[in-house]
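Worksheet: one structure, shown below.
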Amino acid sequence: MRLRYSFRLYPGAGQRVALARAFGCARVVYNDALHARETARAQGLPFPKAGELSRLLITEAKKTPERAWLGGVSAVVLQQSLRDLDAAYRNFFEGLRGKRPRMGAPRYKSKRDSRQAVRFTANASWALTPGGKLRLPKIGDVEVRWSRRLPSTPSTVTVVKDSAGRYFASFVVDTGAEKALPDAPTEIGVDLGLKHFAVLSDGTKIGSPRFLRRAEKRLKKAQRALSRKEKGSKNRGRARLRVARVHARVADARREFHHQLSTKLIRENQAVAVEDLVVKGLARTRLAKSVHDAGWSAFVSMLEYKAARYGRTFVRIGRFEPTSQVCSACGVKDGPKPLHVRVWTCRACGAVLDRDINAAVNVAAAAGLAVSARGAQVRPAPLPAPRGETGTHPKLTPTAA
C-alpha cells in the first residue's frame, strides 16, 4: 500500500524566498506548456510531446533573456511540472472516455492560487540530514517538525504551501505487508448524520463536533476585517491570511477527529459497513454548511484504507437502500418519514425504534457482515495514497534517504 505522510516545515526567510522562486518557475513552465498544447489544438496540429516541451520550454528557454531566471531553481522541479500537466490531460481524457469520474480540462495556474507545490524526485538529490532537516537543492536545509518515523525510504518529496502560509513536506512511501490486527468479535454498521456524526448499530451515538459552527464567531470577525481593507493593499493580504488560518484550524481539528474515530472503529470491529451517501446532492440543500462541516467523504475514505491496511472488512452499501424505512425487528418496510421524526413505532410488530439506531442496524444487515466478516483472513488491498496522516507524537528520529 502507498501512504502519504505530511510534516510541517519551518523555512527561514531566505528559504521562503527560494521556495517562492521555485513555485513561480514551476507555474510558468506549466502555463507555457499548456499554452503550447492549446495553441496546437486550435491550429489542428498534434499535441507536442513531453520531451519536445522540455527541450523548448526548459533547456532552450534558459538561454533566453526572458526565461534566464529558470536556471535559479532545480531542473527536476520544472520537469515534474510538465509531468503534472501530462497527468491533468490524461485524467481529463480518461474522464471523457468514462474510465474515471469526469474532470475539467487543465487550466492555467495563478500566483494567487491558495495552494502552491513543487515536487523533488531522487534525481534532485534531496536528502534527510543526520540532524533531521530536509535538504533541498538550491533551497538549503529546512527544519522539519517530525511527528512519526517514516516506515520506509521515500523516493520523492512534495513541498506544499497552503492558503494559511504554512509549509509542509509530503512523502509518499510504499509500505510492506502490515501485520493484521487480532480478530475482533464485533461487526458494526454506521449511520452518518448531522445531529449525531455517527450512530453505531450497537446503540452508540457519537456527537457531531461541528467545528465550523463553533468557529463562526471568530471567522465572522476576521471576514469583516478583511472586507474593510483596500483591495491590493498589504493590510488586505494580512487580513486574508488571518481568515485562512481560522479555516485551517477548523480543517485540522476535523481531520484529527476523523482519524481518531476511524482508527477506533477499525481496531475494535472485525467489519465496518457504511451507506454510500450522495454528498454532492446533499450539499445543494439548505443543510449545505452542516454537510460540508461534517466531512463524511473524508471519514469514509479513512475507514476504507485503514480497513484494507489492517486486515479488516469494509462494506459500502447502495445509496438507495431504505435503511430508515425498514423495521430492523421484523423487516417490514414502513414507508418514508420526515426528518423531525426521530422515534417511530412499527405498525407491523409494534416495536418502538430509534430512527438512527434502526438505520445503523439495517446498514449492517444490508451489508451481510455476519457472512463476509468471518472465515479466511482478509488481506490488505492496494489503495491510492490518502491525503494525510494524523500525527500526535513528539519528535522522532527520521530515516535517512
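The values are calculated or read from the model by the stated rules, or taken from the named source; none is laboratory data. This one's a predicted model, so the numbers in the text were calculated from it and none came from an experiment. Quick reminder, even Gly has a Cβ in these numbers, built from the backbone with ideal geometry, and neighbours come from all protein chains shown. Ligands, DNA and RNA are stripped out before the accessible areas are found, and what is left, the full protein with its side chains, is counted by its heavy atoms. Shrake-Rupley method; radii C 1.70, N 1.55, O 1.52, S 1.80 Å.
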What helices (runs of 4 or more DSSP H) completely inside segment 182-301 contain at least 2 residues that are under 25 Å from the mean Cα position of the chain (by Cα) and under 21 Å from R115 (Cα atoms)?
234-268, 288-294
Return the residue satisfying two criteria in turn: it lies in segment 329-374 and is open to solvent by 50 Å² or more (accessible area, probe 1.4 Å) and in contact with a helix residue (DSSP H, G or I) (Cβ under 8 Å, 6 or more places away or on another chain), and of such residues it is modelled with the highest pLDDT.
V343
Looking at G51, G71, G14, G24, can you tell me which residue is assigned to a helix (DSSP H, G or I) and either closer than 14 Å to L136 by Cβ or of a type in the set (D, E) (or both)?
G14
Residues satisfying the stated conditions in segment 27-48, i.e. among the β-branched types (V, I, T) and closer than 30 Å to D141 by Cβ
V28, V29
Looking at segment 106-130, which of its residues are surrounded by 10 or more Cβ atoms within 10 Å (Cβ to Cβ), of a type outside the set (D, E, K, R) and farther than 30 Å from G232 by Cβ?
F120, T121, A122, N123, A124, S125, W126, A127, L128, T129
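Name every residue in segment 311-329 that is within 15 Å of V363 (Cα to Cα) and in a loop (DSSP other than H, G, I, E, B), in order of residue number. Step through it out loud before you land on a result.
Step one: filter segment 311-329 for residues within 15 Å of V363 (Cα to Cα), giving 313-329.
Once the filter is applied, which keeps residues that are within 15 Å of V363 (Cα to Cα) and in a loop (DSSP other than H, G, I, E, B), segment 311-329 yields G318, R319, F320, E321, P322, T323, S324, Q325, C327, S328, A329.
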Has segment 81-98 got at least one residue that is at pLDDT 95 or above, within 30 Å of R149 (Cβ to Cβ), open to solvent by less than 70 Å² (accessible area, probe 1.4 Å) and touching a helix residue (DSSP H, G or I) at 6+ places or on another chain (Cβ under 6 Å)?
no
Condition check: in contact with a Pro (Cβ under 8 Å, 6 or more places away or on another chain), in contact (Cβ under 8 Å) with a residue 24 or more places away in the chain, part of a helix (DSSP H, G or I) and open to solvent by less than 20 Å² (accessible area, probe 1.4 Å). Does A308 satisfy that?
yes
